[in-house]
1. At 222 nm, what value in deg cm²/dmol follows for the chain if DSSP H runs of at least 4 each add -39500 (n - 2.57) and the sum is divided by all its residues, to the nearest 500?
2. Which residue fluctuates the most in the chain, going by a Gaussian network model with Cα springs under 10 Å, if the choices are 157, 39, 84?
3. Taking 0.36 nm per residue of separation and subtracting the Cα-Cα distance, what length does fully extending residue 19 through residue 50 add?
4. Name the residue, out of 49, 126, 32, whose mean-square fluctuation peaks in a Gaussian network model built on the chain with Cα pairs under 10 Å.
5. Given the Cα-Cα distance of residue 59 and residue 166 and 0.36 nm per residue of separation, how much length would full extension add, in nm?
6. Pop a pseudo-label 7 angstrom from the Cα along the beta-carbon direction at both residue 140 and residue 115 and give the gap in nm to one decimal.
7. Counting heavy atoms of the protein chains only and a 1.4 Å probe, report the per residue accessible area for the chain as a whole number of Å².
8. Where the accessible area of the chain is counted over protein heavy atoms with a 1.4 Å probe, how much of it, in %, is carbon and sulfur?
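The values are calculated or read from the model by the stated rules, or taken from the named source; none is laboratory data. Note that the structure is a prediction, hence the values are computed from the model and not measured. All Cβ positions, even for glycine, are placed from backbone atoms using ideal geometry, and neighbour counts span all protein chains on display. All accessible areas refer to the heavy atoms of the entire protein, side chains included, with ligands and DNA or RNA removed. Shrake-Rupley method; radii C 1.70, N 1.55, O 1.52, S 1.80 Å.
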Amino acid sequence: MHSNILDKFKDFKKSIVFEPFIFIEISSQNLKLISKDKVFKSYSISSSKHGIGMQLNSNKTPIGGHIVSEKIGGGEKINTIFKVRVPTHVSESNLYDANADTITSRILWLEGLEEGFNKGGNLDSKNRYIYIHGTTHEDEIVTPTSNGCIRMKNIDVVELFEFVKLNTFVYIE
């Protein structure tokens, strides 16, 4: 099913973790955790309200091959709010700005793998701070409403965080 995608990235110099890997379908607003070509877990997500794209400051969700370059928030309470990737020890119930694109619970920071496409220069997913993360806007999941990241329900991102390792392969289609 996804073997064509995986084959394209097998020869990358980084040690990429392919078992399991994350497959994100923007069209269905769905994230799948796949192992041995079978869907192990499936989660609803919210991608960018601005569509797909790789350009810096576009607020669009990048596509293509990525890895989880950093895992942030392990051990923090669910709904913990992060500012600049640092836990504030403020929970969603104490939220002071209900309209903000608040990052909560866990962060999986993505790094693009495709030079000139989602890596390098003004197209670099990591330099654009593209994450998979929890949100205070769980009611908007399955609707594209983020500013480029992949939003998930807090309980789901906490679970996903435990399943994946650093350098886990992520493909966004």
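1. Details: 2 runs with 17 residues, N = 173.
Calculated mean residue ellipticity at 222 nm is -2500 deg cm²/dmol.
2. 84
3. Numbers: separation 31, 0.36 × 31 = 11.16 nm, distance 3.11 nm.
Computed gain between residue 19 and residue 50 is 8.0 nm.
4. The residue with the greatest mean-square fluctuation here is 49.
5. Numbers: separation 107, 0.36 × 107 = 38.52 nm, distance 2.46 nm.
The span from residue 59 to residue 166 would gain 36.1 nm if fully extended.
6. Going by the 7 Å Cα→Cβ label model, 3.7 nm.
7. Details: 8280 Å² over 173 residues.
Dividing the accessible area of the chain by its residue count gives 48 Å².
8. Carbon and sulfur together cover 50 percent of it.
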